[in-house]
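These notes concern the structure reproduced below.
The values are calculated or read from the model by the stated rules, or taken from the named source; none is laboratory data. Remember, predicted model here, so these are calculated numbers, not experimental data. Positions of Cβ are backbone-derived with ideal geometry, glycine not excepted, and every protein chain shown enters the neighbour counts. Keep in mind that these areas ignore ligands, DNA and RNA; they rest on the heavy atoms of the full protein, side chains included. Shrake-Rupley method; radii C 1.70, N 1.55, O 1.52, S 1.80 Å.
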Amino acid sequence: MRVGLDMGGTKTDAVVVDADGAVAARVRLATGWGGEEIVRTAVAAVHAVATDAAIALEEIESVGIGIPGQIEAGTGRVSHAVNLGVEELDLAAAVAPMVGMPVRVENDVKAAAFGAYALRGSAHGLDLRHGSMAYLNLGTGIAAGIVADGELWRGARGTAGEVGHISVDPHGPLCRCGQRGCIEALAGGGAIAERWGRPGQLPVRDVFDAADAGDPEAKSLRVGLARGVAAAVRILVLTADVDVVVLGGGVTALGDRLMTDVSAELAASAEASPFMRSLRLDERVELLPTGSPAAALGAALIGAHDPEPEEVLTHG
C-alpha cells in the first residue's frame, strides 16, 4: 500500500494505492499556509486517508508528495512554492519521521504526468514500458510533464516541459515573467482572469460565456487561449515527438468547449502546411477525465522510489 498526496494552494488530495494499482481510498483536506502548516497538512492527510482505507500506518510502504515549486534533484527539498507560502522547505525530512515511512517529493505537474500516463495506459490496455505522453497542465499557470517508456523525463536541471514561458507572439500580452506573448500569458487561467478583470468564481468560464454572448473582449481572450494551448501542443510534439498530449488542470473543466477551440486552431495551422498536416495533431490531444486523481496517483507511484517501467506497468 502506498500513499500519494497532491498538495495544491487550497486543497490536498490524498489517495491510497494498493498492490494492483487501484485507488483504495481518497480524501481531501484544506492545505495550510507556510512551511509548518504544509508539514502538518501532509501528516494529517496520511493519517486521514489511512483511516479511510481502514489500514494501519505500518501497512503503508511509502508516501509520495506532489507539490508546486522547484524540487532539488535527488532530495525532498522544495523551493519557491509561492502559492503555499514556502520559500525553502526540506519536506521529506520533516514528514518522514512523523509518519514513520520513506517520503519522496516531486513537482506537482510531473507527478500528475506520471499518474496520467498510468491511468491512460490502464484505460487503453497499453504496455506502459513503451510509448510517450506529455501532460499539459492548464491551471493558473502553464507547464507540462513528459513520460517516455514508463519513465518521467526531468531533463538536465528538472525543467523539461516548462513550456509556459515560451514566447509565441512578441507583440502579445505582457507576461509576469517580463516577456510578451508567452503561452502562459495567453492561456494561463491567472493571466486570463487578470486581463478579464471582472469578479467571478470561474473567470475563464465567464469569459467563454461572454464570448458566446458576443462580448468582443471575451472573444479575443478566448481566441488567445486556444492559440496558446495549440502552440504548447505543437511545441511538445515537435520537440519531444510524444504520442499524445493529455490536457489537465482547472481550465479543462470547460471540456468540449475548450477542445473544440483548440482542435480548430490546430486544424487551421495544418491547412497551411503539409508537414503540420502529416503530424495529425488534432488526433494526438486528449482531455484528462474530470476529477481524475492523476497527481496524487502519480505521487504515490513516484513515492515508491523512482519506479522502473515494469513497476509502472504493474501499478497502472
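Figures for the structure shown
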{"read-out": "Label-point gap, in nm, between S273 and D243 - each point 7 angstrom along Cα→Cβ", "value": "2.4 nm"}
{"read-out": "Per-residue HN-Hα couplings for segment 42-52 [Karplus 6.51, -1.76, 1.60; θ = phi - 60°; Hz; x = Gly/Pro]", "value": "4, 5, 4, 5, 4, 5, 5, 6, 5, 4, 5"}
{"read-out": "Percent of alpha-carbon pairs separated by more than 16 Å within segment 179-301", "value": "64 percent"}
{"read-out": "Mean Cα-pair separation over length for segment 39-92, i.e. relative contact order, pairs under 8 Å, 6 or more apart, %", "value": "21 percent"}
{"read-out": "Kirkwood Rh in Å, taken over all unlike Cα pairs in the chain", "value": "19.9 Å"}
{"read-out": "Residue-by-residue Karplus 3J(HN,Hα) for segment 276-288, coefficients 6.51, -1.76, 1.60, Hz, glycine and proline x", "value": "5, 4, 5, 7, 6, 4, 5, 8, 10, 10, 9, 9, 5"}
{"read-out": "Heavy atoms of H124 accessible to a 1.4 Å probe, total area in Å² rounded to 10", "value": "110 Å²"}
{"read-out": "Segment 107-213 - convex hull of alpha carbons, volume per residue in Å³", "value": "137 Å³"}
{"read-out": "In degrees, nearest ten, helix 256-271 long axis to first principal axis of the chain (Cα)", "value": "60 degrees"}
{"read-out": "Gap separating the Cα centres of segment 203-233 and segment 5-42, nearest whole Å", "value": "32 Å"}
{"read-out": "Cα-centre dipole for segment 1-157 with unit charges at Cβ (Lys and Arg positive, Asp and Glu negative), debye to 20", "value": "340 debye"}
{"read-out": "Mean residue ellipticity (222 nm) of the chain, computed from DSSP H runs ≥ 4 via -39,500 (n - 2.57), nearest 500", "value": "-12500 deg cm²/dmol"}
{"read-out": "Long-range amide H partners of I65 with built H, under 5 Å", "value": "L5, R104, V105, E106"}
{"read-out": "Electrostatic dipole magnitude of segment 100-223 [Cβ: Lys, Arg +1; Asp, Glu -1; Cα centre; debye, to 20]", "value": "240 debye"}
{"read-out": "Crossing angle, helix 203-212 versus the chain [Cα axis fit, 0-90 degrees, rounded to tens]", "value": "30 degrees"}
